[in-house]
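> Here you go, one structure.
The numbers here are math on the coordinates, done by the rules we state, and not lab data. As the structure is a computational prediction, the values presented were derived from the model and not from experiment. Positions of Cβ are backbone-derived with ideal geometry, glycine not excepted, and every protein chain shown enters the neighbour counts.
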Amino acid sequence: MHSGEQTNQFLAFSDVFNLQCWLATLEAPALDSRGVATGGNVSFMVTDFVASVVDLALNVSCIDCSSTRMPELSELWLKLDDSKDLTNIASNLFNLASKLVEGDFLQVAVDRALNDARKLCPHSLQYDPNFVKPAYDTFDTDDQEETYQFFITLLIVVACLGAVVSVVILAIRFIVHRRHRKWLASLPQSQLLKLWEQQNKQRDVELWLNAETAPLFSSNVIPCWVRWLMPVIILGNIALFLSGHLSLGASVSVMLQVGGQILEEENFFAFSMAKSTVEIWKGKFLSWPPLLSVDELIGSF
Amino acid sequence: LAHFDFYILAGARELAVIIFLLSFAWPYTKQLITLGLWFAPPTMVSVSRRGSIFLWLDALAKWSMIDVFVLVLTIVSFRVSVQR
């Protein structure tokens, strides 16, 4: 633990049991609009937090249990004592606590508390009976900037791919066109004339077909009921897609069995395709690491 | 585990874009194109071009199946069983 300079604040005897007054005796760092100490000034901080467990034993005895398998669970706990697994779990938990205590989160809370203490201690010169804790600005994240960078990268990649594909297509067309011209040049005049007539006929047929053919919806070749049914099917299909994307896609149920006792949590996590995609985009899958940490602790068994 | 955040941030947005394009945008696009072609006169879209578009739609329609693929993968991912 590190404590910086002390203030000229003296502790009155009546304030001995007032925590705010004890805190007011410490130098409070200047805070910025977000409530974070400016210029790296720190007057009180936890520099090192060490806690260790040498041996942890857990004795579980069933006093009133509905499950018949609870005695087995007690035996299991006893077996864990032998394998030192419980001690390892406790050590892991203490390590996690150490990281939290030594981190920025606690430091910010301490700095804010030191600043507030002077206004809350009755014998402080800066005491303010109407003191209201300040509302600090929220921390900005660079999500927006990341999104823009991602979009720019995506656009560049798509543009590059498009350029490459266009070049390949143009090259193929150029080669095909050159071969076709070579082939035409090798043909005799009479055959060229025949080919030209054939192409003209084909073009005329196509033009006639386009002029005379009705849209599929009003074509006489297609049965009337099919003509009307097809748009209904397509619109129905769109409605089904919308329903599938927006409604519940799947749900996760948790079933925990401890000593024969079943604990069940229905719909622990429910998601739809639309919701999942938005959450993946926002990176909310980051909320899963705490669960994985628990899994890791269980895994250390 | 310490690098889990990094892995997610490294791959998730690309996955989101793929799912959005193939599972959201593409199914509606192909349905609307089919509906449009059903009503479009050959003077607007020639018969040969209409046939060509239908063939392309038929070939590319399978890509919208990726949502089923993703859903199955998600369900399998959540099927976790821890036993002692």
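> Hey, with R₀ at 41 Å, roughly what FRET efficiency would A:MET45 and A:TRP77 work out to, going by the Cβ-Cβ distance, to 0.05?
Computed FRET efficiency for A:MET45 and A:TRP77 comes out at 0.60.
> Multiply the residue gap between A:VAL167 and A:GLN191 by 0.36 nm, knock off their C-alpha separation, and tell me the result in nm, one decimal place.
5.2 nm
> Starting from the 7 Å offset along Cα-to-Cβ, what nm value, one decimal, do you get for the label separation of B:VAL68 and A:PHE17?
Using points 7 Å along Cα→Cβ, the separation is 7.3 nm.
> Just tell me how shielded B:46-55 is by partners: mean number of partner chain Cβ atoms within 10 Å of each residue's Cβ, no decimals.
2
> How far is it, in nm, from the label point at A:CYS65 to the one at A:ALA211 when both lie 7 Å from their Cα along the line to the Cβ?
Label-label distance for A:CYS65 and A:ALA211, simple model: 9.2 nm.
> Also, I was wondering about something else. Calculate, in nm to one decimal, what A:VAL101 and A:LEU125 gain on full extension: separation in residues at 0.36 nm each, minus their alpha carbon distance.
5.5 nm
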